[in-house]
Every structure is written in C-alpha cells, then in structure tokens.
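Peer 1: Have a look at the structure that comes next, please.
The values are calculated or read from the model by the stated rules, or taken from the named source; none is laboratory data. Computed from a predicted structure; not experimentally measured. Virtual Cβ from ideal backbone geometry, glycine too; neighbours counted across all protein chains shown.
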Amino acid sequence: MKLLLRHPRRGGLHLAAILVLGLAMLAGAALSPETALAQATRGDVAQETPTGGSIPGNSLGSASDTEIWRQVRQGVQGTVSIPDAKAGQLIQSQGESWRAWRNGPLSTVGGWAMLGTIILLALFFALRGRIKIDAGASGRTVERFNGIERFAHWLTAVSFIVLAVTGLNLLYGRYVLLPILGPEVFSALTTAGKYAHNFISFAFMLGVVMMVVLWVRHNIPNRYDLIWLSKAGGLFTKGVHPPSKKFNAGQKIIFWAVVLGGISISLSGISLLFPFEFGFFEATYRFLNVFGAGLPETLTPMQEMQLSQLWHTVVGLFLTAVILAHIYIGSVGMEGAFAAMGSGMVDENWAREHHNLWMAELKGEPMPKLDDHGDGKPQPAE
Ligand code: HEM
C-alpha cells in the first residue's frame, strides 16, 4: 500500500499485470486436457470444443479403447515401414511363458536329471563296483581305435565338456556362483564363458561330423543288440557278457544320442548365434503336423528364438546326463575301457569279453556261436 501511494502509476501497472496473468491462467486451465475431460464428463461444455475432446486426425481419439489394448497385450501384429518387421508387435506375451519355462520347470527338471544320474551312478558303483576283466588281463593287446578315431573322440569330448560347463553356468551360475564369486568376478567369468561357448561350438560340430563318418557303419542296429539289451549288457550280473561287434547296443545308444542330439543342439545353437536369421521351428512344426501334431504353422521371429533357446537347453541337459553315464563307464566304471581311447590299445581278454564278435573278426577266427543263453561265450569245439 505504501508502495502504491508512493508510486501511483506503477501501482496501477501491477494491478493490470495481475489481472492479465489471472485471465491467462483461467484460459490455460480451460484448455488443459484434465479440464476438457472434466467438462466432457459433465457433458455440458464438450460440444463447445472444436474436436469434442478427441485428438484431431487420430482415428482412435483420446478415448480409452479397451479392445485395442487387449489385442496389443495379446500380441497383435501390425505392420511397420522400417525393415525390422518384428517391430510391428508392441507386446510379445510369449516372452513371459518362455521366461517362466526357462527359469522354472526346465531348470528344475534339468537339475534333477543331472543330479539323479550322478546319484544312480554312485549307487551302481556302490553295489556293483568296478566291472573287472573276468579272465584277468592277458598282457597282449590289440588296436581298438586309431589316431584319427581318438582325435575325433577327444575333439568332441573336450569341446562338449567346455560347452556343458559354460552352458550350465548360463542357466544356474547366477544362483550357484554369483553369491560365492561376487558380481565382478562372476561377470568376467560368464562373459569369457559365453565367448568360449560360441566359438568352441564349431569344434564340437566338427567332432560330431568326424564321428559320423568314422563310426556310423559300426552303429547300425543288428540282431545281437536285442540279446545285449535283453541281458542289460551283463552290467548287473558278474560273468555275463552278451555278444557284441565293435560297438554294443549300449554304445550304439550313446552314439545316436550324441549324433542326433549333436545335430539338433547345433542347429538350435546356430539360430541363437545368428538371431532372427533362421526359423527351424516353423518347418519342424509343419513336418510334425503331417502326423497330426496340431502345432501352429506360423511363428513370429521372436517365438522362433524363444523355442530355439528352450530346445537348445533341453537337448543340452539331456546330453549332459547321458554323457555323465558314458564318462563313468569309460573311466572308473570298467577296468580296461579307458585304454581304448587313451593309447588306442586294449587287452585281448577285455576285447573277448566285451566285443567277442569284433575280436573274432579282427583275428580272422570263426565267429563264436552263441549258446542258448546268448551270453556270448564261445561254445566248446565239437
Ligand atoms: C572324460 C570324458 C570321456 C571319457 C573318459 C570317455 C571315454 C570313452 C571311451 C573309453 C570310449 C571307448 C569305449 C570302447 O572302447 O568301447 C568312448 C567312446 C565314445 N565316446 Fe567318450 N569319453 C568321454 C567323453 C565323451 C563325450 C563328451 C562324448 C560326446 C559328447 C563322447 C562320445 C563318445 C562316443 C560317441 C563313443 C563311441 C560310442 C561309445 O563307446 O559309447 N565321449 N569314450
């Protein structure tokens, strides 16, 4: 007041400014969306706004369209003008199912499968002990695997073990190693492991191809396999040795698991290594539908990636469990077995007990006749 009295003209200006500001605020409030909405809700002023509360030129308007958003949530696919077609899908709901499967049942069942295998092997070892050469070592040896065969085996074996360890770290590392190592060390280790996994996969693929070339002819099923299987390979009974050529039925199962599992894990791995470049699942589903599987025949690129990841993990865990059993029987589980892949030479008595038909072939001896029990023991000469 004092100020106004002392400067009457400036006081009048102040008053005018306050009035203009007040009017501007009122106008602004009238134009704000909240007010517009409130007015529209009241239903009295809405008609007076030029667009009736909608965004001009927008077909959807500012009204909430639940059906549209429901479709977006359920993964409706639109089109975009950029080359990346998958950007036309705002929400890919299957991502949630993929994550739930990966971190839930897949991790749990896989963990139990591997742990279960180790428990069973320990139990088997406790009950049966090391499978011995019944006749004792003869001291004479024969060549079982040459240098190329052993190279193919160890190339596959070493690369598989690296892939298994680094792969398992991707699935379980954050629960098992992260709390022990801390984030810095765990991160460095996992990054190195990821590169090892990506590059060493090619050595594994080469190893599998070599194994197929070298051994496929020895792994065609034959009638002796049925006898071998019916006697569970004599694994549970001391002194029983069912007949076998170069590979017995159990080894053939391992071979085909490694070859078919190896091809399958390689294809899914390649599609993970080169994201969105391959779509193996659509083709697989189409093929399975020929047999009435009733699977979806169109998959989005994102679904292809998710299915590749799940399948890669399923096969990886399965193969790891199978290979644990293989490593056991090829090392501590059976006397004389490791030498076959170590030096390549095996004891003749070992060869006669576990691969009698192969041994006879090798020595140019007449094929041993099988007695009625099919235990592979040569019948006494007449
Ligand atoms: C430390 C690990 C391993 C050991 C000690 C081992 C040992 C052996 C031995 C001793 C044989 C020859 C058996 C015979 O003379 O009849 C063999 C064969 C074979 N190994 Fe391995 N192996 C190992 C890892 C692997 C891995 C990781 C794979 C594949 C991913 C593999 C695949 C095969 C295949 C397909 C055969 C031929 C079929 C068979 O004998 O079962 N091995 N291994």
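Peer 1: Taking the range 227-278 as the search range and keeping residues that are closer than 30 Å to L299 by Cα and without any contact (Cβ under 8 Å) to a residue 12 or more places away in the chain, which one is surrounded by the most Cβ atoms within 10 Å (Cβ to Cβ)?
Peer 2: I270
Peer 1: Let me ask you something else. Out of curiosity, is E335 within 16 Å of the ligand (Cβ to nearest atom), of a type in the set (D, E) and at pLDDT 90 or above?
Peer 2: Here the answer is yes, as E335 does meet what is asked.
Peer 1: Follow-up question, since we're still on this one. For the range 73-124, enumerate the residues that are outside any helix (DSSP H, G or I), over 24 Å from the mean Cα position of the chain (by Cα) and not β-branched (V, I, T).
Peer 2: Of everything in the range 73-124, those that are outside any helix (DSSP H, G or I), over 24 Å from the mean Cα position of the chain (by Cα) and not β-branched (V, I, T) turn out to be Q74, G75, Q77, G78, S81, P83, D84, Q89, L90.
Peer 1: Within the range 116-135, is even one residue surrounded by 13 or more Cβ atoms within 10 Å (Cβ to Cβ) and of a type in the set (D, E)?
Peer 2: yes
Peer 1: Out of S187, S107, report the one residue that is within 30 Å of M305 (Cβ to Cβ), loosely packed, with under 14 Cβ neighbours inside 10 Å and either of a type in the set (S, T, N, Q) or free of Cβ contacts under 8 Å to residues at least 12 places away in the same chain (or both).
Peer 2: S187
Peer 1: Restricting the search to the range 108-134, which residues are touching a helix residue (DSSP H, G or I) at 6+ places or on another chain (Cβ under 6 Å) and more than 19 Å from F338 (Cβ to Cβ)?
Peer 2: G110, A113, M114, T117
Peer 1: Let me ask you something else. What number of residues within the range 318-368 are among the basic types (K, R) and crowded, with 18+ Cβ neighbours inside 10 Å?
Peer 2: 1
Peer 1: Looking at the range 192-215, which of its residues are of a type in the set (A, V, I, L, M) and within 11 Å of the ligand (Cβ to nearest atom)?
Peer 2: The answer is V208, M210, M211, V212, L214.
Peer 1: Filtering the range 181-227 down to residues that are part of a helix (DSSP H, G or I) and among the polar types (S, T, N, Q), which residue is nearest to A164 (Cα to Cα)?
Peer 2: Going through the qualifying residues, I end up with S201.
Peer 1: Condition (residue is of a type in the set (D, E, K, R), in contact with a Leu (Cβ under 8 Å, 6 or more places away or on another chain) and free of Cβ contacts under 8 Å to residues at least 40 places away in the same chain) applied to the range 191-207: is it met by at least one residue?
Peer 2: yes
Peer 1: If you don't mind, another one. Could you list, in sequence order, all residues of the range 131-179 that are in a loop (DSSP other than H, G, I, E, B) and under 20 Å from F247 (Cα atoms)?
Peer 2: Those that are in a loop (DSSP other than H, G, I, E, B) and under 20 Å from F247 (Cα atoms): K132, I133, D134, R144, F145, N146.
Peer 1: Are any residues in the range 308-331 more than 9 Å from the ligand (Cβ to nearest atom) and hydrophobic (A, V, I, L, M, F, W, C), and if so, which ones?
Peer 2: L310, W311, V314, V315, L317, F318, A321, L324, A325
Peer 1: Can you tell me which residues in the range 78-93 are over 13 Å from P301 (Cβ atoms) and touching a strand residue (DSSP E or B) at 6+ places or on another chain (Cβ under 8 Å)?
Peer 2: G78
Peer 1: In the range 238-290, what residues are away from the ligand (no atom under 16 Å from the Cβ), farther than 28 Å from P83 by Cβ and β-branched (V, I, T)?
Peer 2: Of everything in the range 238-290, those that are away from the ligand (no atom under 16 Å from the Cβ), farther than 28 Å from P83 by Cβ and β-branched (V, I, T) turn out to be V240, V290.
Peer 1: Return the total of residues in the range 275-290 being more than 12 Å from S308 (Cα to Cα) and touching a Pro at 6+ places or on another chain (Cβ under 7 Å).
Peer 2: 1
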